[in-house]
Every structure is written in structure tokens, then in C-alpha cells.
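Peer 1: Got a structure for you, written out below as C-alpha cells; questions coming shortly.
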Amino acid sequence: MTATTAAQNRLTSPGHPQRWVILGVICLAQLTVLLDNTVLNVAIPSLTRELDASTADVQWMINAYSLVQSGLLLTAGSSADRYGRKKMLLAGLALFGVGSLVAGLAQSSGQLIAARAGMGIGGALLITTTLAVVVQIFDDAERVKAIGIWSTVNSLGFAVGPLIGGVMLDHFWWGAIFLVNIPVAVIGLVAVVRLVPESKNPRGDRPDLLGALLSTVGMAAVVYAIISGPAHGWASGQVLLTAFTGVAVLTGFVLWELHIPYPMLDMHFFRNQKFIGAVAGAILVAFGMGGSLFLLAQQLQFVLGYEPLEAGLRTAPLALSVVVLNLTGLGARLVPRLGTPATIAAGMSLLAAGLAAIALFGGDGYGGMLLGLVVMGAGIALAMPAMANAIMSAIPPEKAGVGAGVNGTLAECGNGLGVAVLGAVLNSRFAALVPAAVGAASLPAAVAAAAGDGERQRITDAFASGLETSQLVGAVAVLAGGLLAAVLLRRAERAESAQADSAAVAA
């Protein structure tokens, strides 16, 4: 069967009869993973007090999960393609449930860190297999809407995680935030066994063990460098050495994948303009969202004077606008009418406009920031599902797990780059305006060291100016990247159309 025939079969074949029920089950599992990324931040004071955890211990409790998860995304996706996506989904739920049980009953910081690492393995399997299953059970007509709902879970986890954590800690001890995952994991296991069909790559390629090792080590090193950069300094030996190691190992991974006949990630995908365009757009959406949230937290607390919980509530409109628009299916309806390139260009333009609105109007009060957050949410709701669908449709269906791993890896890298780049712009602008404050651990530390009210006001104004500059830089980067992604996707569509016309004439 030719590739064109296979594509036509996918267009006309109906989706799984219970596809919407299955989508609900896997979204529930996905939500549990994403809640665990945010809920732990609320429990930091309780963990510090009850487990006698140091600052370094708390950092590792948070980072162990994200490091293991990000490092294993490609490997998890490849394993799902080879051994079966249903099997790996079940394994992910089981590992996540067991890890949650161990974490909830941990008696020391070391036990909790180990449990979080185990949960990271389960999380990597769940993130990749859930998206891969969505691609398998929905046809082309419904896939964008389904991926939009799947993407909504990411925003919902961000919005409700701190609130759920706060409510639970008001009524229970800190371990409850982990034990609540267990019933969800059990329900998910039963539902997956009964409902989700098995699917895997029929070729059964040999496992790429060295590729899996290189991708895991390389990604974990790069993500660790990004995570530790703000604390240790981007120019510190530890951060530079870790980043260099990660880049070197990932370079070795690329060379190895080009060399072997059964690669885990086929590098020839990167010759596909549709794939490259979607990849560029996905990185920059995550770049804009991750970097802006990093800056917003500081703007709300340090410039506008809100408490941490108040600041968290005031960023919720971003996530809620994404949830509402994706649940109404706006993006899914626009893609057939406008086409994927135009939908992505519109979404990225709105995301950039939202960042610019926050930069220009958010410094004087929350009203201008609220406008920017809602516009950003609208942009993300349009662009993210369209790009995820473009990535997955550019990869053969038998490699859906690897495609989901690529999508997850891009999100991790984009978020980290957003924090790193926009944070560096903020620090550079702040240092240029107030050289005397260079070396202070934070804005509050710089304000506390100020000689008088006039100097304190000057330091605060300089920090606000740095925030404005970094947000505008982010807006320009997102807009330029969105337009580039749209151009590449448009070219790819024209090339595919010309190839189809030639094939029709030849037939």
C-alpha cells in the first residue's frame, strides 16, 4: 500500500465507536500527571517543616520528577510504538499510582525524592501514550478537536493545581496530595483495560537501546541546566558544564540516529517542511507561555504587590480562556476553514499581542494585565492544537508514540528556554539601569539594601522596566516564529498538493 493510499484510508476510516469515552479516560489520567507538577509548590512549607527538608531537598523533590519525565519522553514514545500503546499506558498508570503511594507515605526527604523520580517515569509514559492513542482512535475530521481537548488539560492542570493543593492542605496532611492520585490511577487502569484498543508499529523494529540512553541523558542534562540556571547563575561552571554535556550527548544522539537502520527518532522527519514548521511553532508557543508565566509571577508580586496565592489566582484567566475556547471547539472549527498555517499564524499573533499588552499596560494595574492574559489564552487555544496535529500528521501513524514524545520534549524545551532567555533579558535590563543592585539575590533583597525611599523607588521602577523589555522581546520572538512556522507549513501544503496532482495525472 502506498503512502497516498494509506493517507486516504485514514481520511475515510471512521474513528473508534467509544472514542469520546476513551478521550475522557485518558484526559483524566493526563490531568493527574499535570496536577502533580503544580500542586507540590503549595506544599513546600509543610514539607520543610514535617520532613525537616532543606532548600536543596525541596528543589530535588520538585526537579526529580521533571528531570526524569523530560529525559524519558522520547524513549517512552518509542517504547509505546514498539511494545503497544495500551501496554505502556497501563504501565504508566501503574507506576504513577505506586509512586504516589510511596510518596504519600514517605518518612524522609530521600524517600520522597525517589518516589517522585518513579512518578516521573510513569508521567513520561502517560504523556506520550495518551496523545498517541488520541491520534489512533480519531479520524482526521475530529482529530483537531480531540487534540484541542487533550491540550486543554494542560491549562486546566495549571489553573486548578494550586487551588486543589491549598484546599487539601487545609484539611489533611501533606501526603494527601499524592494519595489522591491512587483512586484516579485505579479507575484509569480499569477503564483502559476495558475500553482502549491496542495499537503498535506493525514492523516491530529492533529496540534502539543506545539511542534511548543518549536521548535520556542528553535531555535530562539540558533540562537540569535550564532549571538550575536561575539559582546558580547562567555563567556558573556547574550550569555551563551540564549544558555542554547535554548538548554534546544530544549531538551524539543525532549522529547515532542517522547512522543506524532502525532509529528511535528518524532524523529524515526534519526534511519535512510541515514537521519543521510545526516544531518551530510548538517551541515558541511554549517559549511564550513558560517565559511569560515566569515574568508574570514576579510582576504581580514585586511590582503590583500581591501575595503568592493572590498572584496565582490572577494568572488563572490565561488558563481559563484556553479551557473555554478549546472546549467550545473554536480552533477545531477554524482549521478546516482557514487552514493550518493561517490558524497557527492567527494564534501566534494573538499570543504576541497579549504579551505586548501586558508589557505596555500591565505595569499600572491588573486591568491591562487581564486583557493581555485573555488575548494570550485565545492565541494558545488556536495555535497549540493545530500545531500538535501538524506534528502528529507529519509522522507516520505507526510512529505516533515518537511523535507524542517529540511534542512533549518540545514543550519542555520551550518552557525552559522561555524562562532562561526572557529571564536573562530582564536581568540585563535591570543591571543596566541600576548597576549598584547587581549581585542582589532578588528584587526584595535589592530594595532592602537600598539607602532610602528614592533609591528603593528607582530600583522598583528599573525592575518594572526590565519586565516590560523582556515581555516585548518575547512578543517579537513569538510573532516572528509564528509567521515562519506558517510560511513553512504553507509551502509544505503546496508541495503535497502538487505531488498529489502529479500522481493523479500519472494514474
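The values are calculated or read from the model by the stated rules, or taken from the named source; none is laboratory data. Quick caveat: nothing in here was measured; it's all calculated off a predicted structure. Positions of Cβ are backbone-derived with ideal geometry, glycine not excepted, and every protein chain shown enters the neighbour counts. Ligands, DNA and RNA are stripped out before the accessible areas are found, and what is left, the full protein with its side chains, is counted by its heavy atoms. Shrake-Rupley method; radii C 1.70, N 1.55, O 1.52, S 1.80 Å.
Peer 1: Starting from the coordinates of the alpha-carbon atoms of region 370-426, obtain the Kirkwood hydrodynamic radius over all distinct pairs and give the value in Å to one decimal.
Peer 2: Working: mean 1/r = 0.0762 Å⁻¹.
Hydrodynamic radius (Kirkwood, Cα pairs) of region 370-426 is 13.1 Å.
Peer 1: What number, in percent, do you get for the relative contact order of the chain if the mean sequence gap of Cα pairs under 8 Å and at least 6 apart is divided by its residue count? Each step should come with its number before you reach the end.
Peer 2: Working: 822 pairs, mean separation 104.2, N = 507.
In percent, rounded to a whole number, it is 21.
Peer 1: In degrees, nearest 10, range 0 to 90: what is the angle between the Cα axis of helix 366-393 and the longest Cα principal axis of the chain?
Peer 2: Here the helix axis deviates by roughly 30 degrees.
Peer 1: Can you give the angle from 0 to 90° between the axis of helix 3-12 and the longest principal axis of the chain, with both taken from C-alpha atoms, to the nearest 10?
Peer 2: So the inclination is approximately 80 degrees.
Peer 1: Check the straight Cα-Cα distances from LYS200 and name the aspartates and glutamates below 12 Å, setting aside those fewer than 8 residues away within the same chain.
Peer 2: In chain and number order, the partners are ASP81, GLU398.
Peer 1: Which residue, GLN111, VAL323, GLN471, has the largest displacement toward the positive end of the dipole of the chain when charges sit on each Cβ (Lys, Arg +1; Asp, Glu -1)?
Peer 2: Value: VAL323.
Peer 1: So, with +1 on the Cβ of K and R and -1 on the Cβ of D and E, and no other charges, what is the size of the charge dipole of the chain about its Cα centre, to the nearest 20 debye? Working shown, then result.
Peer 2: Numbers: 26 positive and 26 negative charges, 237 e Å.
Result for the chain is approximately 1140 debye, rounded to the nearest 20.
Peer 1: Over 10 Å intervals from 0, what percent of Cα-Cα pairs in region 238-284 sits in each interval?
Peer 2: 24, 35, 35, 6
Peer 1: Would you calculate the separation in nanometres between label points at LEU255 and ASP140, each defined as 7 Å from the Cα along the Cα-to-beta-carbon direction?
Peer 2: Label-label distance for LEU255 and ASP140, simple model: 4.0 nm.
Peer 1: Keeping the other protein chains in place, figure out the carbon and sulfur percent of the accessible area of the chain, with a 1.4 Å probe.
Peer 2: Values: 14220 of 21380 Å².
About 66 percent, which is the carbon plus sulfur part of the accessible surface.
Peer 1: Going by average Cβ density within 10 Å per residue, which order do the peptides 142-154, 241-253, 208-220 take, highest to lowest?
Peer 2: Details: 142-154: 23.0, 241-253: 16.9, 208-220: 19.8.
Top to bottom by mean Cβ count within 10 Å: 142-154, 208-220, 241-253.
Peer 1: Compute the acute angle (0 to 90°) between the alpha-carbon long axis of helix 340-361 and the principal axis of greatest extent of the alpha-carbon atoms of the chain; round to the nearest 10°.
Peer 2: Once rounded, one gets 0 degrees.
Peer 1: Got a sec? Charge dipole of region 42-180, +1 on Cβ for Lys and Arg, -1 for Asp and Glu; which of LEU89, ALA64, ALA124 is way out at the positive end?
Peer 2: After comparing all options, I get LEU89.
Peer 1: Sorted from largest down, give the three principal axis spans of the alpha carbons of the chain, whole angstrom values.
Peer 2: 82, 50, 44
Peer 1: Report the calculated FRET efficiency for GLU455 and LEU240 (r = Cβ-Cβ distance, R0 = 30 Å), to the nearest 0.05.
Peer 2: Details: r = 33 Å, r/R0 = 1.11.
Efficiency at R0 = 30 Å is approximately 0.35.
Peer 1: Along the positive direction of the dipole of the chain (beta-carbon charges: Lys, Arg +1; Asp, Glu -1; about the Cα centre), which of ALA357, ALA383, ILE260 reaches farthest?
Peer 2: ILE260
Peer 1: Using the heavy atoms of the protein chains alone and a 1.4 angstrom probe, what is the accessible area of the chain per residue in square angstrom? Please list the in-between numbers first.
Peer 2: Working: 21380 Å² over 507 residues.
That works out to 42 Å² per residue.
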